[in-house]
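Since the structure comes first, as structure tokens, the remarks are kept for the end.
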Amino acid sequence: MSLLEVFLTAFGGTATALLVAAYLGRSFIELQVTRAIEKYRAELQQKSEVLKTELSIYAHEQNVGLSRIDEQRSRAIQEIYGLAMKWHDLFLEIVQPNAPKKFPPELQLRRYLNLAQNTVKVAEDLSVKARDTAIFFQQDSYEIIARFGMAAMDLSCAFYDSTFGKVDMSKDPNYDELFPMIEKERAVLRDAPKEDFGKLQTTLLTEFRRLMKAERTGQLTTGSKGAAPPAARA
């Protein structure tokens with residue numbers, strides 16, 4: 001065998017060995033990479049399951065919390081609306097065009113005194129209830145409730161201050177003085193523009209229906225066709 005053949009043989013064997021080593025090296029690296037990827041996938045899957053569980057727990061807690069808030073807000077709406085309607089009924093008793101004639105003067109005066117005092121008290125109860133339950137309402141909803149409450153309080157105080165607030169009821173009342181004042185203030189309330197207060201009543205009712213999901217937003221608006229809601233018929 002010539003020196004050239006020996007050289008080529010030796011060179012060829014070395015090249016083959018290098019190729020085999022390179023192939024084995026790539027296979028080893030690919031195997032390690034594959035194992036690392038599988039391990040990463042397993043860890044990622046585990047973390048994903050943990051996260052899903054945590055999110056599920058969080059969502060459940062949020063739903064429970066929101067459900068409780070909805071329940072408490074619904075109760076607050078019923079209580080506030082009940083007070084608003086109670087005040088409205090008292091107000092209608094004051095401003096009705098024809099005063100009852102069946103009562104003697106002393107009972108008629110006592111009736112108006114009770115109505116005047118009760119409208120103030122119910123308006124105050126409404127304001128307190130709105131304040132105590134404010135946490136269950138968004139700011140815009142609370143402002144609607146508050147505006148109605150303030151308007152009811154202003155009307156109530158105006159009637160009382162202009163009638164019984166001007167006399168000492170611990171003494172024998174002067175009927176000739178009190179009844180003309182009462183009739184005058186009844187007429188003032190009855191003939192006063194009702195557009196602003198009626199709008200507050202309608203807005204309050206619409207907002208409560210929206211919050212209770214009993215009416216779609218925008219479905220009921222002031223000036224819409226059909227009869228006005230009971231609260232707006234002052």
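None of the figures in this text is laboratory data; all of them are computed from the coordinates on show. Predicted model, so just to flag it, every value in this text is computed and none were measured. A quick note on method: Cβ atoms are made from the backbone with ideal geometry, for glycine too, and the neighbour counts reach across all protein chains shown.
Worth a mention:
- Positive end of the dipole of the stretch 101-219 (Cβ unit charges, origin at the Cα centre): among Ser162, Ala151, Gln138, the Cα lying farthest that way belongs to Gln138.
- Segments 78-90, 30-42 sorted - mean Cβ within 10 Å per residue, highest first: 78-90, 30-42
- Low-density loop positions, trypsin sites (Lys or Arg not before Pro), the stretch 100-142 - DSSP coil, at most 12 other Cβ in 10 Å: Lys101, Lys102
- Straight-line reach from Lys184: taking Cα to Cα under 18 Å and skipping same-chain neighbours fewer than 8 places apart, the lysines in range are Lys101, Lys166, Lys194.
- For Lys199, the lysines whose Cα comes closer than 19 Å to its Cα, not counting residues fewer than 8 places off in the same chain, are Lys86, Lys225.
- Straight-distance crosslink candidates among lysines, where the alpha carbon sits under 23 Å from Lys39 and sequence neighbours closer than 8 are dropped: Lys47, Lys52
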